[in-house]
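To start, the structure itself, in structure tokens.
The values are calculated or read from the model by the stated rules, or taken from the named source; none is laboratory data. Here the structure is a predicted model, which means the values were calculated and not measured. Reconstructed Cβ throughout: ideal geometry from the backbone, glycine too, with neighbour counts over all protein chains shown. Keep in mind that these areas ignore ligands, DNA and RNA; they rest on the heavy atoms of the full protein, side chains included. Shrake-Rupley method; radii C 1.70, N 1.55, O 1.52, S 1.80 Å.
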Amino acid sequence: PNQIPMRKVNDVSGKPVLVSVEILGRTVYMQVWEAIVGRVSLYLLDTDVAENAAADREITNSLYGGSREVRLMQELVLGIGGTRLLVDKFNIKPSLYHLNEGHSAFLLLERIRGLCHQGYVFDEACEVVRSSSIFTTHTPVAAGNETFAEDLIRKYLQDYAVSRLGI
């Protein structure tokens with residue numbers, strides 16, 4: 001990180017900006033890095049922070065590596081954590097969300113959660129999210145897309161579905 005044009009993102013008091021995601025009953029924290037690409041800020045999430053347990057610090061160490069569980073945790077960090085960063089920390093309210101491939105798909109659930117928290121019922125929130133989301137793929141074959149077993153999804157998302165979405 002010291003040799004590439006990135007910087008840790010700090011708040012106004014100089015402390016690193018952290019976002020969090022609940023995974024299996026524990027809170028996983030991510031620090032935020034910014035890379036300027038032309039005139040665009042690219043934000044990266046990093047779980048290698050002191051607030052995390054040793055295993056959680058490894059979640060973002062390598063892309064596409066490790067077990068299916070690690071991959072699912074990476075997608076939770078990206079989708080839910082990324083949405084919380086933009087909406088909750090940076091107060092960015094996109095009118096349209098673009099997902100290229102399914103890696104950030106859990107952002108859809110986090111958007112539904114946010115709308116339910118604002119008073120929408122689940123079905124209404126789903127419709128708002130559906131009408132303001134675009135999905136594209138450059139690998140429209142099964143081998144190029146992630147899938148997770150239902151029992152794995154249930155293990156990682158049942159509490160989120162019940163406590164956060166009321167479903």
Percent of all Cα-Cα pairs per 10 Å bin for region 3-50, counting from 0 up to the last occupied bin, reads 25, 47, 23, 5
Summed over the other residues with a beta carbon less than 15 angstrom from that of R7, with K and R at +1 and D and E at -1, the charge totals -1
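In a shell of Cβ-Cβ distance under 12 Å around R113, excluding R113 itself, what net charge do Lys and Arg (+1) and Asp and Glu (-1) give? Kindly include the intermediate steps, with their values, before the conclusion.
Details: positive: R84, R111, R164; negative: E22, D88, E110.
My count for the surroundings of R113 gives 0.
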So the compactness index of region 1-148, its C-alpha Rg divided by 2.2 N^0.38 Å, takes the value 1.09
Filtered hits (lysines, Cα-Cα < 30 Å from K93, offset >= 8 within chain) -> K8, K15
Counting only protein heavy atoms with a 1.4 Å probe and every protein chain in place, the carbon and sulfur fraction of the accessible surface of the chain in whole percent equals 56
To the nearest Å², the heavy-atom accessible area per residue of region 1-137 with 1.4 Å probe amounts to 58
Ignoring ligands and nucleic acids, K89 exposes an accessible area, probe 1.4 Å, in Å² to the nearest 10, of 110
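From the C-alpha gyration tensor of region 94-167, pull out the three semi-axes of the equivalent ellipsoid (sqrt of 5λ each), sorted largest to smallest, in whole Å. If you can, show how the numbers build up before the last one.
Numbers: eigenvalues 103, 68, 12 Å².
Gyration-tensor ellipsoid for region 94-167: 23, 18, 8 Å.
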T136 and L99 label points (each 7 Å along its Cα→Cβ direction) are spaced in nm at 1.6
Probe 1.4 Å, all chains present, heavy atoms only: H117 accessible area in Å², nearest 10, is 150
Here the residues of region 48-77 lying in the modelled label zone of A35, meaning backbone nitrogen under 16 Å from a point 7 Å along Cα-to-Cβ, are 60-64
